[in-house]
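The values are calculated or read from the model by the stated rules, or taken from the named source; none is laboratory data. Not measured: the values here are computed from a predicted model. Positions of Cβ are generated from backbone atoms using ideal geometry, with glycine treated the same way; all protein chains shown enter the neighbour counts.
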Amino acid sequence: MIKIYMQLLIKYILPISLLISSLAPFVQADEQTTFRVAIKPSEPWVMYDAKLPPEERKPVGFSIDLWEGIAKEIGVKTQWVYQKNVPDLLSSVQENRADAGIAAITIRSDREKVVDFSTSMFELGLQIMVKDEANVSYPLTILITEISKFITTMNLTIFLLQCFV
């Protein structure tokens, strides 16, 4: 019987209590009912009319919708902190001028040393774009064609000389 209680404790009660305790600073919204969230324009994630004064801007986009869902779930309001670029956004969070930052930010090791990132919600891979009229069905053919534009007799000669001399 004790074994069953231990399993329940480890499997359900302990993780739930850890989750609740980790969210305590956010759930205790009596002291901080408004989160300052730094954003920068990055379509389609974060969009707003930068020509308008900050108090009249209405941010929209995928990341804005996601944050508003989180804010509703934890019961906080949002004060948007507008930034022009990623370094400004990161420094505003690092220097406590914002409580969180939302943007299309590449997660890099140097940035991970100064701020905590959530799990990436979007991943890009290698993309090849061609004109619609190219009518080529094999990306490898396109890649070879594009690379061959840079391989000239002169470039090949220079490369071979550097490799073997």
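For region 135-153, check the following and say yes or no: at least one residue is among the aliphatic types (A, V, I, L, M), modelled with pLDDT under 70 and either in a loop (DSSP other than H, G, I, E, B) or assigned by TED's automatic domain parsing to the domain that holds residue 91 (or both).
yes
Could you look through region 54-63, keep only residues that are modelled with pLDDT under 90 and out of contact with any Phe, Trp or Tyr (no Cβ under 6 Å at 6 or more places or on another chain), and pick out the one that is surrounded by the most Cβ atoms within 10 Å (Cβ to Cβ)?
56
Quick check: anything in region 117-129 under 19 Å from residue 35 (Cβ atoms), at pLDDT 85 or above and surrounded by 10 or more Cβ atoms within 10 Å (Cβ to Cβ)?
No, that holds for no residue.
List pairs: first in region 55-78 and farther than 21 Å from residue 44 by Cβ, second among the β-branched types (Val, Ile, Thr), Cβ under 7 Å, 6+ apart or cross-chain?
74/27; 76/33; 76/34; 77/33; 77/34
Would you check if residue 96 is more than 11 Å from residue 36 (Cβ to Cβ) and modelled with pLDDT of 90 or more?
So residue 96 fails the test.
Quick check on my filter: what residues within region 75-97 are surrounded by 13 or more Cβ atoms within 10 Å (Cβ to Cβ), in a helix (DSSP H, G or I) and not hydroxyl-bearing (Ser, Thr, Tyr)?
86, 88, 89, 90, 93, 94
Limited to region 98-121, what total is found for residues that are part of a loop (DSSP other than H, G, I, E, B) and in contact (Cβ under 8 Å) with a residue 60 or more places away in the chain?
Just the residues of region 98-121 that are part of a loop (DSSP other than H, G, I, E, B), to begin with: 98-99, 103-108, 113-121.
Restricting the remaining residues to those that are in contact (Cβ under 8 Å) with a residue 60 or more places away in the chain gives 98-99, 103-104.
Final tally of qualifying residues: 4.
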